[in-house]
Amino acid sequence: RITDIELRRVLDSRGNTTVEADVATTSGGFGRAAAPSGASTGEHEAIELDAADAIERAEEAALPLLESEVDAEDQRAVDAALHEADGTENFSEIGANAAVAISMAAAKAGADSNGVPLYRHLGGTFRGQDMPTPLGNVIGGGEHAAEATNIQEFLSAPVGAPSVEDAVLANAAVHDRIKELLQAEGVPTNKGDEGAWAPPIGDAKAFDIVDEATTAVSEELGFEIGFGLDMAAAELYEDGDYVYDDGVKSTAEQIEYVAEMVREYNLVYVEDPLDENAFEAWADLTDEVGSETMICGDDLYVTNVSRLQEGIDLGSSNSILIKPNQIGTLTDAVDAIELGAEHGIESVVSHRSGETEDTTIAHVAVGAAAPFIKTGTVGGERTAKLNELLRIEGQA
Ligand code: PGA
Ligand code: ZN
């Protein structure tokens with residue numbers, strides 16, 4: 001049973017305040033977790049409030065329904081109490097940042113009460129040994145860096161790596177190789193919010209550099225390293241067109257452009273290639289390239305099962321991005337992973353551009369048997385998750 005919940009403000013990687021929760025149980029269990037925060041947030045995401053307001057409101061409305069009332073081991077009961085305390089569809093009363101911090105901290109306290117690692121607590125005995133492949137952001141721009149690429153993220157995808165350890169090292173090696181390539185051309189090596197290089201170059205140049213780096217590291221390490229994109233296209237979308245520095249594309253031209261890049265660079269993964277409300281245009285693109293490439297919905301689905309169901313019905317994508325803070329609880333996030341899995345939709349559990357040292361998503365990815373995780377390549381708040389995956393792999 002949950003005895004006590006403490007909420008506090010802590011800093012995230014951008015220096016903004018976020019909500020951290022401590023949860024304690026009668027059996028001496030303890031869990032601590034902090035909410036991340038997006039910059040290129042989807043318009044249908046659950047609502048993040050100012051951290052101080054979220055704490056005040058959650059203390060007033062949610063803590064009385066949880067303290068001495070609910071078992072930390074019963075995640076569905078914890079998350080149902082959070083929904084009941086909030087009373088809205090999108091956590092606009094207590095804040096998705098307060099909700100997700102409490103939800104994740106309760107899961108950790110439940111795991112601790114049982115003396116098992118969090119991934120085992122979430123996944124049970126029959127799951128929790130399948131390790132996700134990390135996709136590593138190596139060049140980026142968009143909302144994550146000024147004066148850099150229009151495409152938000154170029155992602156190293158070590159799909160042939162025999163282990164998580166090999167994959168993590170491969171992504172770091174690609175990141176490092178890209179620095180050398182940029183320096184060799186005299187391009188400044190700034191970094192964006194997620195630790196990816198944010199050079200002042202155009203998208204076309206970035207494609208070539210990432211292609212060269214992944215090919216070289218792949219040859220060196222002896223397994224396949226492809227690459228992919230998070231286009232975060234909702235951020236490019238204005239009045240029916242996709243607006244780039246070098247011109248404007250209609251929806252049909254955007255689909256053709258993405259399909260062309262998929263073919264030219266053998267892209268293994270494309271996230272948010274189209275606007276966050278364009279379910280039908282997504283289906284057209286998925287029809288065209290979806291058998292060779294993961295087409296992944298982030299802002300399209302916002303980890304929401306109703307929106308995912310719409311995408312399943314229309315054939316909008318073959319993959320979904322899972323961000324617990326987009327929907328506010330672990331239960332909702334795991335439900336989205338499971339609905340996807342029932343329909344052959346692959347899950348990619350993801351960090352946000354604003355992060356803390358919290359490692360919960362590493363356990364969620366393993367516990368829910370998600371095939372991929374997106375959590376950056378370098379930088380302490382990114383390596384916290386990668387290093388946790390290495391520890392989990394060592395335990396298995
Ligand atoms: P965000 O970006 O955390 O700023 O929303 C990450 C993403 O779009 O995947
Ligand atoms: Zn995204």
TODO: Determine which lysines satisfy two conditions relative to K385: a Cα distance under 28 Å, and not lying fewer than 8 residues away in the same chain.
DONE: K108, K179, K191, K323, K374
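Per DSSP H run of at least 4 residues, take -39500 (n - 2.57); add these up for the chain, divide by its residues and hand me the 222 nm value, nearest 500 deg cm²/dmol. Mind dumping the intermediate values first?
Values: 14 runs with 169 residues, N = 396.
Value at 222 nm, helices only, nearest 500: -13500 deg cm²/dmol.
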Task: Net lengthening on full extension, N190/N114 (0.36 nm per residue, minus Cα-Cα) - done: 22.9 nm
Task: Crossing angle, helix 279-289 versus the chain [Cα axis fit, 0-90 degrees, rounded to tens] - done: 50 degrees
Open item on the list: List the residues, sorted by chain then number, that are 5 or more residues from S347 or on another chain and whose placed amide H is less than 5 Å from its amide H.
Closed with: I320, F372
- [ ] For the range 14-163, calculate the relative contact order in percent as a whole number, restricting contacts to Cα pairs under 8 Å that are 6 or more residues apart.
- [x] 26 percent
Task: Cα-based helix-to-principal-axis angle, 203-221 vs the chain, degrees rounded to 10 - done: 80 degrees
TODO: Using a 10 angstrom cutoff on alpha carbons, build the Gaussian network for the chain and name the most mobile of T356, T41, T189.
DONE: T189
TODO: For the range 58-65, just list the computed ³J(HN,Hα) in residue order, Karplus coefficients 6.51, -1.76 and 1.60, θ = phi - 60°, integers in Hz, with x standing in for Gly and Pro.
DONE: 5, 4, 6, 9, 9, 4, x, 7
Open item on the list: Based on Cα coordinates alone, diagonalise the gyration tensor for the range 124-263, multiply each eigenvalue by 5, take square roots, and list the semi-axes in whole Å, largest first.
Closed with: 27, 20, 14
Open item on the list: For the chain, what does the relative contact order come out to in percent, with C-alpha contacts under 8 Å and a separation of six or more?
Closed with: 19 percent
Task: Equivalent ellipsoid, the range 292-361 (semi-axes from 5 times Cα gyration tensor eigenvalues, Å) - done: 20, 13, 10
Task: Estimated FRET transfer efficiency when R0 is 22 angstrom, pair R9-E67 (beta carbons, to 0.05) - done: 0.65
- [ ] Relative to the longest principal axis of the C-alpha atoms of the chain, give the angle of the C-alpha long axis of helix 164-184, reported between 0 and 90° and rounded to the nearest 10°.
- [x] 50 degrees
Open item on the list: Quick check: pseudo-label points 7 Å beyond the Cα along Cα→Cβ at D245 and A216, how many nm apart are they?
Closed with: 2.2 nm
- [ ] Specify the inter-centroid distance of the range 195-221 and the range 69-148, based on alpha-carbon positions, in whole Å.
- [x] 32 Å
- [ ] Would you mind calculating the relative contact order of the range 328-383 from Cα pairs under 8 angstrom and at least 6 residues apart, reporting the percent as a whole number?
- [x] 34 percent
Open item on the list: With +1 assigned to the C-beta of every Lys and Arg and -1 to the C-beta of every Asp and Glu, and no other charges, what is the dipole magnitude of the chain about the Cα centre in debye, to the nearest 20?
Closed with: 1500 debye
Task: Surrounding net charge for S68, when Lys and Arg each add one and Asp and Glu each subtract one, Cβ distance under 10 Å - done: -2
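Each reported figure results from applying straightforward, stated rules to the coordinates on display, with no laboratory input. Since the model is a prediction, treat every value here as computed from it, not as a measurement. Neighbour counts are summed over all protein chains in view; Cβ atoms, including those assigned to glycine, are modelled from backbone coordinates with ideal geometry.
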